[in-house]
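Every number in this text was worked out from the coordinates using simple rules, so none of it is lab data. On a predicted model such as this, the values are computed, not experimentally measured, just so you know. Every residue, glycine among them, receives a Cβ derived from its backbone with ideal geometry; neighbour counts consider all protein chains shown.
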Amino acid sequence: MIADESTMAHLMALSQKGDKNAYTVLLSEASSWLQRYFRRKVPDAQLDDLVQEVLLAIHKKRASYDAARPFLPWMAAIARYRWIDHLRKVYRSQEDTLEDNDAFEDSDEEAVLARISLDRLFVHLSDKQAEVIELVKIEGHSIRDAARACGQTESSVKVNIHRGLKKLSALIEKAE
Amino acid sequence: MNRINQDLIEQMASELQPVRPLKMRDGLLLVALAALASVLLVDVFVGLWAGVLQGQASAFFMITNGLLLVLGIASATSVVTMASPRVGNRHDVPKWTMAMAGVLPVAALITLAAQQSEAELLRDPYGLYCTGAALVASTLTASALLVWLRRGAPVSLNTAGLHLGVAAGALGSAAYGLACPIDGIVHLGVFHIAPVVIAGLVGRFAVPRLLRW
């Protein structure tokens, strides 16, 4: 069970004041939350690296959290930013498949989580862009394999990835 | 949680120092001080136009500088907000204020075309000077906004760069505009809006690389 929004917001406010115990609990909860958030959006082998990158970003940029505002949308914006950065860096992975069993559990915060989820970003991409980003950047297929699988030329795959990632980076704070 | 994450968390917790959270109020105050300092510097180096207080300024003067001020405030507020990211933030207001200020150059060009006096633009001896001076006047505000963004965690880098440039250009042009006694629509609509366009383009293409984190 991961801590709820108000608990995490309270822990972050204490952390900004230098409370190390609150910070340890917060980062542990954030780590679990991020593991779920990114699952199915990066290959399993890269999941820990990405979670660590986000934890470091949270640590470095903790002053940018305003305690008067919700915590999870702040953390989700940082997570999306790091995720897109991560997708840009990743060209090929040995991981081929991702399991389809990791949606967030139902809870009172389901609506909030739905608004800040990574899936929300993909609806703004064209089908071709979303398909090739999934295949190449998330599932780790080569450009050639992706081109064959989705019936696009290799150049089109590259262009669609480039344009899709550019579009995603402009949508990081978008909720709908 | 795996061992590596646990070690990382323990290390970060042991290094934890108190931080002063970024408050929107502080950011807006910083920008306001930078804009005010710009006006003072314009007064020191160029001298503000006394005709404004003596009722000599045309309506175009008031409208142009008023729109530049509104555009600058809207864009600067957007930039200050971007330092504290959040899924659900919207940064639409500057778009509408940009469209609003865009009416001025359109009006200037229509006026020129209607009077068939396009060459008037080339004959304006102060036009480029005004544009250059306004860009110089925008540097303080641009620096303040850049410092604020670099303290924060902007995630929409291209938009942040564009809005930073537009805010600095608009506030700089409004500050210098208080010293310019040429108050015709053609001069104001072209040479006092040009700094906003130039600063916006510089912000959009040069600033994101300074913000990446």
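Residues that are within 23 Å of B:LEU140 (Cβ to Cβ) and within 14 Å of another protein chain (Cβ to nearest Cβ), at least 2 per element: which helices (runs of 4 or more DSSP H) completely within region B:1-106 meet that?
So the answer is B:24-45, B:59-82.
Say whether the condition of being in a helix (DSSP H, G or I), within 14 Å of the chain's Cα centre (by Cα) and either within 7 Å of chain B (Cβ to nearest Cβ) or under 20 Å from A:VAL25 (Cβ atoms) (or both) is met by at least one residue in region A:61-68.
Here is the first cut: in region A:61-68, the residues in a helix (DSSP H, G or I) are A:62-64.
Checking which are within 14 Å of the chain's Cα centre (by Cα) leaves us with none.
No, that holds for no residue.
So is B:SER84 touching a Leu at 6+ places or on another chain (Cβ under 6 Å) and not hydrophobic (A, V, I, L, M, F, W, C) or not?
Values: touching a Leu at 6+ places or on another chain (Cβ under 6 Å): yes; not hydrophobic (A, V, I, L, M, F, W, C): yes.
In short, yes.
With A:ALA45, A:ALA9, A:ALA13 as the choices, which residue is in a helix (DSSP H, G or I), in contact (Cβ under 8 Å) with a residue 24 or more places away in the chain, away from every other protein chain (no Cβ under 11 Å) and buried (at least 18 other Cβ atoms within 10 Å of the Cβ)? Spell out the reasoning first.
Working: A:ALA45 fails: buried (at least 18 other Cβ atoms within 10 Å of the Cβ); A:ALA13 fails: away from every other protein chain (no Cβ under 11 Å).
Of A:ALA45, A:ALA9, A:ALA13, the one residue that is in a helix (DSSP H, G or I), in contact (Cβ under 8 Å) with a residue 24 or more places away in the chain, away from every other protein chain (no Cβ under 11 Å) and buried (at least 18 other Cβ atoms within 10 Å of the Cβ) is A:ALA9.
Inspect all residues belonging to region A:20-41 and state whether any of them is at the interface with chain B (Cβ under 10 Å from one of its Cβ atoms) and outside any helix (DSSP H, G or I).
no
Given the criteria of a type in the set (Gly, Ala, Ser), away from every other protein chain (no Cβ under 14 Å), touching a Pro at 6+ places or on another chain (Cβ under 6 Å) and closer than 30 Å to A:LEU72 by Cα, does B:ALA134 qualify?
When the stated conditions are applied, B:ALA134 does not pass them.
Could you look through region A:117-176, keep only residues that are β-branched (Val, Ile, Thr) and without any contact (Cβ under 8 Å) to a residue 40 or more places away in the chain, and pick out the one that is farthest from the other protein chains (Cβ to nearest Cβ)?
Residues of region A:117-176 that are β-branched (Val, Ile, Thr), as a first pass: A:123, A:132-133, A:136, A:138, A:143, A:153, A:157, A:159, A:161, A:172.
Those still in the list that are without any contact (Cβ under 8 Å) to a residue 40 or more places away in the chain too: A:123, A:132, A:143, A:153, A:157, A:159, A:161.
On the way: A:VAL123: 14, A:VAL132: 22, A:ILE143: 26, A:THR153: 28, A:VAL157: 24, A:VAL159: 19, A:ILE161: 18 Å.
Selected residue: A:THR153.
State which residue is surrounded by the fewest Cβ atoms within 10 Å (Cβ to Cβ) when the search covers only region B:113-140 and only residues that are farther than 20 Å from B:ARG209 by Cβ and of a type in the set (Val, Ile, Thr).
Top of the filtered list is B:VAL136.
Please note which helices (runs of 4 or more DSSP H) are completely contained in region B:111-213 and include at least 3 residues that are closer than 15 Å to B:ALA83 by Cβ and touching a residue at least 12 places away in the same chain (Cβ under 8 Å).
Ranges flagged: B:139-151, B:157-177, B:208-211.
Only one of (1) farther than 17 Å from B:THR77 by Cβ; (2) crowded, with 23+ Cβ neighbours inside 10 Å is not met by B:ALA144, so which one is it?
(1)
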